[in-house]
1. In the stretch 369-394, which residues are under 28 Å from the mean Cα position of the chain (by Cα) and of a type in the set (D, E, K, R)?
2. Which ones in the stretch 107-128 are in a helix (DSSP H, G or I) and either basic (Lys, Arg) or at pLDDT 85 or above (or both)?
3. Considering only the stretch 234-255, I want to know if a residue exists there that is under 26 Å from residue 324 (Cβ atoms), at pLDDT 90 or above and in contact with a strand residue (DSSP E or B) (Cβ under 8 Å, 6 or more places away or on another chain).
4. Could you run through the stretch 79-120 and say how many residues are small (Gly, Ala, Ser) and closer than 28 Å to residue 273 by Cβ?
5. Surrounded by 15 or more Cβ atoms within 10 Å (Cβ to Cβ), on the phi < 0 side of the Ramachandran plot, among the basic types (Lys, Arg) and in the same structural domain as residue 167 (by TED's automatic domain parsing): which single residue out of 297, 271 fits that description?
6. Of the numbered conditions (1) in contact (Cβ under 8 Å) with a residue 24 or more places away in the chain; (2) at negative phi, residue 181 fails exactly one; give the number of that condition.
7. Could you pull out the residue among 173, 207 that is modelled with pLDDT under 95, within 21 Å of residue 320 (Cα to Cα), touching a helix residue (DSSP H, G or I) at 6+ places or on another chain (Cβ under 6 Å) and hydrophobic (A, V, I, L, M, F, W, C)?
8. For the stretch 197-232, enumerate the residues that are among the small types (Gly, Ala, Ser) and crowded, with 17+ Cβ neighbours inside 10 Å.
Amino acid sequence: MIAEKAVLGSMLKENYLVSESNLSVEQFGDSTNRNIFRAMTELRKANKAVDIITLLTSNDPIDLGGANYLSDLSNYSQVEKFDSHVGAMLEVWRNREKKNILQLAAMEDWDIDRVTSELAALTDNRVSDHSDIETLLVDVYETPFIKSEIKSGAPSGLVKLDTMMNGFQDGELTVLAGRPSMGKSDVMLHIAKSSGWQGYLPIIFSLEMPDKSLRDRLIASTGRFSRIRMRDPYTMLTDTQKSKWSQAIGHLSNTKIQIFDRPGQTISEMRMKTRKMMNQHKGLKPIIIIDYLTLIRSVEKESNNHLRISEITKSLKGMAREFECPVIVLAQLSRAVEQRQDKRPLMSDLRESGSIEEDADVIVFLYRDSYYTKEEADNVLELIVAKNRNGPVGTVLTAYNKFTGEVLNLEADSKRTAV
C-alpha cells in the first residue's frame, strides 16, 4: 500500500512517469489507487496535465479518495527511488496473483503445464524478453541481397577511434580510464560535443566538477580560448577572441548538453533524470557520460569495495541496455602505473579491475608521454583501446591542446595551439 502511494505520488510530481512505468491498472491492489492510476493514464493519453485539480474535476472525487487523499500522496513522492517502489509494488502484486492462480488451479484442477505457464507469466509483467529463432532469422533472411545503411553509433569526433569502434554503440558500457591530468575530462567533453552536434542528447553526470567549470571548459575548447585567459575574459581575451565569443557560445548551445552536477548520485537517480530528459527531448537518442566511477554512490552499504564497484558496473551496463544508448564512465587508474618504466596503462591498473573488465564492452586508456617527459612540444594523446567486445583493439593517436582542452585528429591541423 505504501509502495503504491509512493508510485502515485511520484507520478503526480513527474507526469512522464505515468507512461514510462509500463504499469497496468490491475497491478494496484487498492481499489482507490487503481482508480487514480486509471484516471492519470486517461489524462496522460489526452495530453492533459496530471495534477490534483485535473484529477478531481475530471472524475468523481469519491472514487479517488477525495482531495485530502490525493494531497497526501504528494508526501510519499520520492522520484529518485521510483524504480525501487515500483519493484516493491510489483512483488506484492506477484505474490497476490500467485495465491489467486494456485487457488483457481486447485478449484478447477489445472494440469501442471498450465500452472507453470501462468506462474511464469507473472515475471513477464513489464517487458517481454523472449524471441524465437525463426522470427529472428526472418528479419535477416534477405540481408545479403539488399543494400542497407550501416548504422554507426554516437561519434567521438575522432576519425580513427570511430572507425575502430564504429562509434559508441547502443546498449554498451564504455570505460574511459587514465591517471590524473591525462585529459579524461577534456576527452569526455569532446565526445559530448561531437555526439551533440550529430543529433544525440549528451547527458553528463558530473560527480566531481561543478557545472560552471564544465561550461567554461566547453567554451575554451570550442572557441580555442586558453583556460588561463578564461579566468578573466574581459581583461585577458583579445579583441579578436572576443569577436569569436558569441559564435562559440552559439555553436556550443546546439549540442543540447544536459549536466547534472550533484555529488554522490546513485544509479537510480541517474536513471530517473535520464528518463526525464528523454521525455523533454523526444526524438533525441541519449548518450550518458559519468565522471567518474568511484564517486557513484552505492545503494547498498557495502563495506567490500570490490563488491560495491561490481554492483555499480553491472547497474551501468543494465542502464545502457534499458535505455538502448551508450553509457560512458570515466575511471581512475591505480598508482601501480607510476612504478613501471613503460607507464602505459594495463587492464590490471584499473581499480577493482575484475568487475570493470567483466562488465565493460569497451575499455579505453588515456596516455600522454609528455606528462612524464615534460616535453612541451609533444602534444600527442594516445587512446589505447584495450578491450573492444565487438571490434579490434589498438592505439589511436590524437593531438591534445592542454591549454584549451581541445582534442583533435592528429593528421588534421594537429599543431594548433591557444593564443
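1. Matches in the stretch 369-394: 382, 387, 389.
2. If the condition is that a residue be in a helix (DSSP H, G or I) and either basic (Lys, Arg) or at pLDDT 85 or above (or both), then 114 is the only one that fits.
3. So far as the stretch 234-255 goes, yes, one or more of its residues are under 26 Å from residue 324 (Cβ atoms), at pLDDT 90 or above and in contact with a strand residue (DSSP E or B) (Cβ under 8 Å, 6 or more places away or on another chain).
4. 3
5. Only one candidate passes the filter, namely 271.
6. It fails just one condition, (2).
7. On inspection, the qualifying residue turns out to be 207.
8. Passing the criteria: 206, 220, 221, 223, 226.
The values are calculated or read from the model by the stated rules, or taken from the named source; none is laboratory data. Predicted model only: the values in this text are computed from it and were never measured. Because the Cβ atoms are built from the backbone with ideal geometry, glycine has one as well, and the counts that use them run over all protein chains shown.
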